[in-house]
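Where a number appears in this text, it was derived from the coordinates with a stated rule and is not lab data. Every value quoted in this text rests on a predicted model; they were computed, and no experiment measured them. Neighbour counts are summed over all protein chains in view; Cβ atoms, including those assigned to glycine, are modelled from backbone coordinates with ideal geometry.
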Amino acid sequence: MAFRRTLGVMAGLLTAGLVAQAPSATFPSEMPAEFKVASASWDYTRREVMIPMRDGVKLKTIILVPKGAKDAPILLTRTPYNAVEQTSHASSPHLGPVLQGYDNVADLIVEGGYIRVIQDIRGKHGSEGDYVMNRPLRGPLNPSAVDHSTDTYDTIDWLVKHLPESNGRVGILGISYDGFLPLMALVNPHPALKAAVPMNPMVDGWRGDDWFHHGAFRAQNLSYIYEQQATRANELKWWSGFHDDYDLFLQAGSTGALAQSHGMDQLGFWRKITEHPAYDAFWQQQAMDKVLAGRPLQVPTLLVHSLYDAEDIYGALAVWKALKPKDAGHNLVYLAMGPWSHGGEIGEGSGLGPLKFGQDTALQFRREILKPFLDQHLKGSGKADLPPVSAFETGTNTWKKLPGWPVAGEGTALRATPFYLEAGLKVSTTTPKAGDRSFDEYISDPAKPVPFRARPIQPVGYDATHTWSQWLTDDQREASGRTDVLAFVSEPLKEPLRIAGEPVANLVASTSGTDSDWVVKVIDVYPAEVANQPGLGGYQLMVSADIFRGRYRESPETPKALKPNEPLVYRFALPAANHVFLPGHRVMVQVQSSWFPLYDRNPQTFVPNIFFAQPGDYHSATQRIYHTPGQASFVELPVVK
């Protein structure tokens with residue numbers, strides 16, 4: 001009965017028109033199936049294409065062609081960082097604003113009439129295929145038939161056949177990961193590739209670039225690995241829950257524990273890192289300086305190095321060392337090095353952190369070095385009058401034209417000069433004397449590691465709210481005042497001290513533990529007062545600094561426990577410097593055993609794999625730096641005479 005009453009009520013409502021009936025017609029969308037941009041008035045055309053590779057995978061490629069272009073050269077960048085985003089910085093009918101932002105060589109591109117091409121590498125963003133971090137060349141580490149060398153070859157082949165506006169000459173340019181890709185392009189290069197500009201390239205991930213430095217893992221790169229590998233389009237962002245990265249990493253325990261808490265065991269590259277903490281074949285066979293050393297030199301190449309590069313301070317100069325001996329005619333390989341952070345050469349280069357250079361060094365590089373190089377090789381517009389090396393000298397803030405690197409210049413010579421660490425925390429060029437105190441010591445406590453910069457420590461970031469790119473110019477006074485840092489310092493200099501090349505640390509040191517890290521920093525100590533910049537009074541500016549993991553003292557391939565309390569020699573190169581310590585300044589050398597959380601903590605107890613060290617493995621240790629005639633610790637500086 002209730003059911004019948006309900007039917008009756010519904011019938012009445014329908015009769016009254018109070019219940020909606022099924023629509024009898026559709027309501028069409030106001031959006032077109034595909035909107036065609038009215039771009040007839042623009043000064044460029046934009047093409048989005050999927051270029052096929054030899055294995056059938058197609059790569060998303062953005063092509064920007066100046067209107068009316070004829071016989072125009074092509075400037076290519078291949079990237080894992082979203083080609084669409086890099087070519088969409090503005091809604092503008094003009095090419096310059098569209099490129100401005102990430103691509104700060106926009107002025108050069110627009111004025112030069114270049115066809116700009118940016119492509120997503122396989123597996124990222126709009127491209128098909130599988131992503132592998134720094135995909136190695138075909139061979140033992142890559143069983144497939146494709147790599148970045150073949151993908152670049154296939155891309156260039158397609159471009160020169162499908163862009164009638166071009167002159168058939170292609171240059172490839174990029175920074176960091178995008179700088180690693182031009183190096184891959186030099187392996188079996190396409191005949192149309194006429195110029196390569198690797199800027200701050202990733203070269204050797206264990207020796208001194210992104211992942212390790214002399215075996216110590218760069219822990220703050222966890223966020224990069226997480227975001228780069230979790231999704232194709234980098235949608236997932238690293239999360240913390242802490243305002244200070246120091247607290248985040250310290251409370252997690254080991255770096256492996258922190259990664260596991262973020263689900264990173266799912267990421268193939270992270271698993272590879274934890275499986276290869278030593279310098280084994282996995283790292284050696286993909287180091288691009290070693291790869292290119294075994295290949296013929298065919299393409300004019302301009303390597304770009306930043307003196308304050310917080311990510312890839314090793315790679316560009318390592319490739320220079322590998323390639324320059326093959327340049328018999330002295331006309332294929334060039335080096336530019338400036339006072340920039342990572343990628344700073346395409347930004348504004350009049351200063352960095354507290355440093356002021358009195359000139360826009362980045363603009364000078366782009367106008368006076370990069371542009372002539374590209375014009376010569378991609379346009380055929382005369383020979384660029386470039387020296388083999390264009391090097392900015394910090395301290396004097398001047399550009400130097402050099403015949404090589406490290407070479408001081410005409411009429412000068414380099415002399416490896418020991419600066420000894422002496423009793424009384426002094427630095428001197430005289431050898432230690434018998435009878436002085438044999439060593440200085442400190443306690444290294446993993447529960448209170450030395451911060452690599454003043455806290456609170458920000459995560460790695462590149463927007464205006466982050467200062468990551470400046471940290472290599474941070475004042476080191478905070479560290480020099482800690483009891484777990486030894487700060488040796490010279491008398492004020494009476495004459496300029498010019499160095500050009502890699503300082504080499506030569507520590508005679510002991511630890512009460514069975515493993516240890518050693519951090520050595522060469523520092524320029526400013527006078528107590530600086531007239532033109534009061535804020536630099538007493539400033540302690542790092543000129544060169546690095547870390548060495550003790551277990552690799554005898555061999556980078558085979559870790560070995562240290563003998564407790566036994567003085568051992570640790571000899572390792574620091575990043576290159578081109579610097580003048582001015583009169584009145586002093587030379588300081590700081591020594592410590594942690595640099596946190598930039599690098600993971602050494603438990604100071606030998607364990608098979610530090611990534612998986614347990615809380616009970618971390619122990620304080622007594623660290624001693626020796627300075628006697630038979631056990632002299634020093635830093636060898638490449639002094640210009």
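Here are some notes:
- Taking the average, over residues, of other Cβ atoms within 10 Å as the packing measure, peptides 472-478, 595-601 rank 595-601, 472-478 from highest down.
- For a straight C-alpha distance cut-off of 22 angstrom, the lysines reachable from residue 448 (same-chain residues fewer than eight places away being disregarded) are 521.
- For residue 426, the aspartates and glutamates whose Cα comes closer than 19 Å to its Cα, not counting residues fewer than 8 places off in the same chain, are 436, 440, 441, 478, 484, 491, 495, 524, 636.
- Mean sequence separation of contacting Cα pairs (under 8 Å, at least six apart), scaled by the length of the chain, corresponds to a relative contact order of 13 percent.
- Lysines whose Cα lies under 22 Å from that of residue 324, excluding same-chain neighbours fewer than 8 positions away: 194, 290, 371, 383, 400, 401
- The packing ranking, built from the mean of other Cβ atoms within 10 Å per residue, places the peptides 608-619, 253-264 in the order 253-264, 608-619, highest first.
- FRET efficiency for the pair residue 477 and residue 356, taken as 1/(1 + (r/R0)^6) with r the Cβ-Cβ distance and R0 = 25 Å, rounds to 0.80.
- Residues listed by number, the stretch 411-447, amide nitrogen under 13 Å from residue 620 label point at 7 Å toward C-beta: 442-447
- Sum of -39500 (n - 2.57) over DSSP H runs of 4+, divided by residues of the chain (222 nm, nearest 500): -5000 deg cm²/dmol
- The chain: radius of gyration and largest Cα-Cα distance (Dmax), Å: 28.5, 114
- Principal-axis tilt of helix 148-162 within the chain, Cα atoms, nearest 10 degrees: 50 degrees
- Per-peptide packing, taken as the mean over residues of other Cβ atoms within 10 Å, places 313-323, 548-558, 195-205, 158-168 in the sequence 195-205, 313-323, 548-558, 158-168 from highest down.
- Taking the Cα centre of the chain as origin and assigning +1 to Lys and Arg Cβ atoms and -1 to Asp and Glu Cβ atoms, the resulting dipole is close to 840 debye.
- Approximate spin-label separation residue 48-residue 429, in nm, with each point projected 7 Å along Cα-to-Cβ: 6.2 nm
- Rounded to the nearest 20 debye, dipole of the stretch 162-242 from Cβ charges on Lys, Arg, Asp, Glu: 100 debye
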